[in-house]
Amino acid sequence: MSTETLKQSLNSTEKHPLHAETEVAYNTGDLDRWTSLYEENALLCATSGDGFVVGRQQIRKNLERFLALRGSLTAKTVYSVENDDLVLLRGIFTLSYTDEDAKPQQMIAHSVEVAKRGSDGLLRFIIDHPVGAGQID
């Protein structure tokens, strides 16, 4: 990859396809579609930043909790850096929903992800840290 290509990906305002797919999968309530964005043995860090789950089935269980909120997800790609079959992503995800007391709520996650292109040509997350780019207190 040339330096110019790297610069373009760091300054791009386009939503990365994996972020776009995450947004669509959440907003359509399609857990299978959302889960399919992860490699079979991917690692998902807990949103609390404490602990992680490994494997698509465990990730699926974690994602179900967010779908249960029946909210609206928007994704923004801050940057993506690609080198051969690997991509480093940084995103901002905003989940707006209504809590059980009918009060509007919002979660904002500053994420860092690593994705890998499989033999089928598709990129899938291998590491997803939803709060990995947040401020450290």
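The values are calculated or read from the model by the stated rules, or taken from the named source; none is laboratory data. Nothing here was measured: the structure is a model prediction, and the numbers come from that model. Every residue, glycine among them, receives a Cβ derived from its backbone with ideal geometry; neighbour counts consider all protein chains shown.
Points worth noting:
- Qualifying residue in segment 80-93 (condition: among the polar types (S, T, N, Q), in a strand (DSSP E or B), at pLDDT 95 or above and surrounded by fewer than 17 Cβ atoms within 10 Å (Cβ to Cβ)): no
- Taken together, the residues in segment 87-129 that are among the aromatic types (Phe, Trp, Tyr) and farther than 18 Å from His19 by Cβ amount to 1.
- Considering the conditions (1) touching a residue at least 24 places away in the same chain (Cβ under 8 Å); (2) of a type in the set (Gly, Ala, Ser); (3) under 21 Å from Asn27 (Cβ atoms); (4) not in a strand (DSSP E or B), Ala133 is excluded by exactly one of them, (3).
- Which listed residue is among the hydrophobic types (A, V, I, L, M, F, W, C), surrounded by 13 or more Cβ atoms within 10 Å (Cβ to Cβ) and at pLDDT below 95, from Ala46, Ala75: Ala46
- Taking (1) among the aliphatic types (A, V, I, L, M); (2) closer than 22 Å to Leu31 by Cα; (3) touching a strand residue (DSSP E or B) at 6+ places or on another chain (Cβ under 6 Å) in turn, Leu122 satisfies each apart from (3).
- Pairs are defined by a Cβ separation below 6 Å, a sequence spacing of at least 6 or placement on different chains, a first member in segment 1-26 that is modelled with pLDDT under 65, and a second member that is in a helix (DSSP H, G or I); no pair meets this definition.
- Unique residue being touching a residue at least 24 places away in the same chain (Cβ under 8 Å), touching a helix residue (DSSP H, G or I) at 6+ places or on another chain (Cβ under 7 Å), among the small types (Gly, Ala, Ser) and surrounded by 14 or more Cβ atoms within 10 Å (Cβ to Cβ) when the list is Ala109, Ala115: Ala115
- Hits in segment 18-47 (condition: in a loop (DSSP other than H, G, I, E, B) and among the aliphatic types (A, V, I, L, M)): Leu37, Ala46
- Residue in segment 104-115 that is part of a strand (DSSP E or B) and charged (D, E, K, R) present: yes
- Filter result (of a type in the set (A, V, I, L, M, F, W, C) and not in a strand (DSSP E or B)) within segment 116-130: Leu122
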